[in-house]
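Inspection log for the structure reproduced underneath, given as structure tokens.
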Amino acid sequence: MFTNKKLAVLGGGKMGGILLRGVIDKKILSPDRITVTDIDKDRLQTLASTLRVSVSSDNKKAVKNADIVILAVKPQIFPDLLQDIRPAATASKLFMSIAAGITTGAIEKGLPKGARVLRVMPNVNALAGEGAAAVSRGKNAKPDDARYALAILGSVGLAVEVEEKLMDAVTGLSGSGPAYCFVIIEALADAGVQLGLPRNLAEKLAVQTVLGSARLCQVADQHPAQLKNMVTSPGGTTAAGLQVLEEGKIRATLIGAVEAAVRRAGELALGK
Ligand SMILES: NC(=O)c1ccc[n+]([C@@H]2O[C@H](COP(=O)([O-])OP(=O)(O)OC[C@H]3O[C@@H](n4cnc5c(N)ncnc54)[C@H](OP(=O)(O)O)[C@@H]3O)[C@@H](O)[C@H]2O)c1
């Protein structure tokens, strides 16, 4: 489906770089069909030498020569970026934004009439090929357009299509979710150290415990609560630990964290 297609990635930072490596590693597109832009010349040189892609600081020219354009700059940069690339944007091109909070409607307003826009929420776990991402279509984007984004994001993990009204919830859950999990892993490791485990052993055990629990959720045909009950013997160690988590309101705290991230996505959409 990508034969003869040319890709431009505007913003070669963390997420732009991750998606690039996924597309190249999974041979979705060859480096000679990809251009990356950035304002950081050193970053561009690194991307050119490591990934063999074309690099430029000219966003408009990159859009002019591309069929698919990934918008991978910070949400705050979007108004200037859309104004910059608008003269080169046509309805024949597909625009895929990975920005938190920026709606397809806001992007369509910044581009010529009929622009085909997708809104995508990837996450940093794509770096390990275990990303969790969602795609939603703007008013002019066709089902086939979403397939391009699903293929690109599918190269670095799970990718699903959702209605745009669900995108802020996706952002709060899986977009920011890796950070919540990293805090949990760090805290478990600190607990191990506090109880006498060497730091590197504590970290290895904490990481594998979270990885294994997630994998078990994927492979076992059981609800996480059933899996929790499997390791909670009457009057046992796990029950004692779980009681402290409940006293600490872990569920309400995690739900509150996702809700706060969703509120912030809403603020970003308003340019706050
Ligand atoms: N990081 C994540 O986990 C994550 C997850 C989901 C979605 N996202 C979204 O992905 C987007 C990028 O985030 P990120 O974390 O990858 O940020 P980042 O590392 O800062 O990447 C953005 C890159 O764009 C460059 N840039 C700034 N202005 C530009 C311009 N006018 N033209 C071209 N490039 C320009 C930046 O250069 P300077 O650094 O020199 O300004 C930087 O290299 C954001 O919209 C974010 O909401 C990120």
- Task: Considering every residue within segment 185-207, establish whether at least one is under 24 Å from the mean Cα position of the chain (by Cα) and either at pLDDT below 95 or small (Gly, Ala, Ser) (or both).
- Result: yes
- Which condition number does Gly110 fail, the rest of (1) over 22 Å from Ala269 (Cβ atoms); (2) within 16 Å of the ligand (Cβ to nearest atom); (3) modelled with pLDDT of 95 or more; (4) not charged (D, E, K, R) being met? (1)
- Just give me the residues in segment 123-136 being surrounded by fewer than 17 Cβ atoms within 10 Å (Cβ to Cβ) and among the small types (Gly, Ala, Ser), in sequence order. Ala128, Gly129
- Which pairs do you get when a residue that is under 24 Å from Ala169 (Cα atoms), found in segment 240-259, comes within reach of a residue that is open to solvent by 50 Å² or more (accessible area, probe 1.4 Å), reach meaning Cβ atoms under 6 angstrom, with the pair 6+ apart or on two chains? Ala257/Tyr180; Val258/Leu173
- Query: Is there a residue being over 20 Å from the mean Cα position of the chain (by Cα) and either open to solvent by 90 Å² or more (accessible area, probe 1.4 Å) or at pLDDT 95 or above (or both) anywhere in segment 259-270?
  - Reply: yes
- Restricting attention to segment 169-211, the residues that are of a type outside the set (Gly, Ala, Ser), open to solvent by less than 40 Å² (accessible area, probe 1.4 Å) and in contact (Cβ under 8 Å) with a residue 40 or more places away in the chain number exactly 3
- Only unsatisfied item for Leu127, checking (1) part of a helix (DSSP H, G or I); (2) within 13 Å of the ligand (Cβ to nearest atom); (3) in contact with a strand residue (DSSP E or B) (Cβ under 8 Å, 6 or more places away or on another chain), is (3)
- Note on the structure: Screening Lys165, Lys109, Lys139 for residues that are basic (Lys, Arg), within 24 Å of Ala257 (Cα to Cα) and surrounded by fewer than 18 Cβ atoms within 10 Å (Cβ to Cβ) leaves only Lys165
- Task: Report yes if some residue within segment 218-234 is closer than 28 Å to Met167 by Cα, β-branched (Val, Ile, Thr) and in contact with a helix residue (DSSP H, G or I) (Cβ under 7 Å, 6 or more places away or on another chain); otherwise report no.
- Result: no
- Task: Please work out which residue is farthest from the ligand (Cβ to nearest atom), limiting yourself to segment 32-45 and to residues that are assigned to a helix (DSSP H, G or I) and exposed (fewer than 14 other Cβ atoms within 10 Å of the Cβ).
- Result: Asp32
- Query: Within segment 55-62, is even one residue among the polar types (S, T, N, Q), exposed (fewer than 15 other Cβ atoms within 10 Å of the Cβ) and within 11 Å of the ligand (Cβ to nearest atom)?
  - Reply: yes
- Which residues, counting only those in segment 19-29, are open to solvent by less than 50 Å² (accessible area, probe 1.4 Å) and away from the ligand (no atom under 16 Å from the Cβ)? Ile24, Ile28, Leu29
- Item | Qualifying residue in segment 10-18 (condition: open to solvent by 40 Å² or more (accessible area, probe 1.4 Å), more than 24 Å from Ala132 (Cβ to Cβ) and within 7 Å of the ligand (Cβ to nearest atom)) | no
- Message: Give me the residue from segment 70-100 that is open to solvent by 30 Å² or more (accessible area, probe 1.4 Å) and among the hydroxyl-bearing types (Ser, Thr, Tyr) and, out of that set, farthest from the ligand (Cβ to nearest atom).
- Response: Ser92
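The values are calculated or read from the model by the stated rules, or taken from the named source; none is laboratory data. In this text, all values refer to a predicted model and were calculated from it rather than measured experimentally. No Cβ is skipped: glycine too gets one built from the backbone with ideal geometry, and neighbour counts run over all protein chains shown. All accessible areas refer to the heavy atoms of the entire protein, side chains included, with ligands and DNA or RNA removed. Shrake-Rupley method; radii C 1.70, N 1.55, O 1.52, S 1.80 Å.
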